[in-house]
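All of the numbers you see were taken from the coordinates with simple rules; none came from a lab. None of the values given here were measured: they were computed from a predicted structure. Cβ coordinates were reconstructed from backbone atoms using ideal geometry, including for glycine residues, and neighbour counts include every protein chain displayed.
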């Protein structure tokens, strides 16, 4: 009896597992909370998720698109800004605190945007990454414009956004450095909250009109 040659598999979804797109994305987010972005490879995600790397490429195309999906999900799932007065000064304080909470809850996300997405080969990826950051810049610009110089000095909203990202990101991403500067046994969560209060005071008193 003649042997029947096996049919070649198409380019569809790999069928050797039951892990879905959300499962892969969740595992990538979990790893990026613990490891620097450069160490989170397709192979590592696949191994930790128990899937074939081909499945990740099927869902996301390539590593850059997967990382972009991670950032989009972290931003979408970030705790909502606390509701309160819409007056410019208290609103600015809430925006600053929200930036602190987001950075502490999404360790390495800013490093991910800098190291992996800002210089991505894909122009579409760079555009989307830029749009994510511009939303924050535009929000500060709108707030300052609404104040109209009554309580707040005129400052560059881009510089304000960049300053907050840098301040809060360093405290999180360089925590081993910070830990070496404080007594052993210091509660780093309490220290993070105290640092947040310090930055709020620093920024508000730096921008508030005298």
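Placing a pseudo-label 7 Å from each Cα along the Cα-to-Cβ vector at residue 44 and residue 127 gives an inter-label distance of 3.1 nm.
Can you tell me the length gained on complete extension of the stretch residue 181 to residue 200, counting 0.36 nm per residue apart and subtracting the Cα distance? List each step's numbers first, then the result.
Numbers: separation 19, 0.36 × 19 = 6.84 nm, distance 2.15 nm.
Working it through step by step, the gained length comes to 4.7 nm.
Counting every pair of alpha carbons in region 35-113, the share spaced more than 14 Å apart comes to 69 percent. Annotation: region 21-75 has a Kirkwood hydrodynamic radius of 10.8 angstrom, from the mean reciprocal C-alpha pair distance. Sorting 44-53, 102-111, 127-136 by their mean Cβ neighbour count within 10 Å, with the most densely packed peptide first, gives 102-111, 44-53, 127-136.
Want the number for residue 62 to residue 191: 0.36 nm per residue separation, take away the alpha-carbon distance, what's left? Write down the numbers at each step before the final one.
Details: separation 129, 0.36 × 129 = 46.44 nm, distance 3.83 nm.
Gain in length upon complete extension: 42.6 nm.
Quick one: Debye curve from the alpha-carbon atoms of region 82-207 only, equal weights, vacuum; give me log10 I(q)/I(0) at q = 0.22 Å⁻¹ to two decimals. Normalising to I(0) and taking log10 leaves -1.30.
Using every Cα-Cα pair within region 139-193, state what percent have a distance larger than 17 Å. Intermediate results must be reported in sequence, preceding the final value.
Details: 794 of 1485 pairs.
The share of Cα pairs beyond 17 Å in region 139-193 comes to 53 percent.
Ellipsoid semi-axes for region 120-162, based on the Cα gyration tensor and the rule √(5λ), read 28, 9, 5 Å when sorted largest first.
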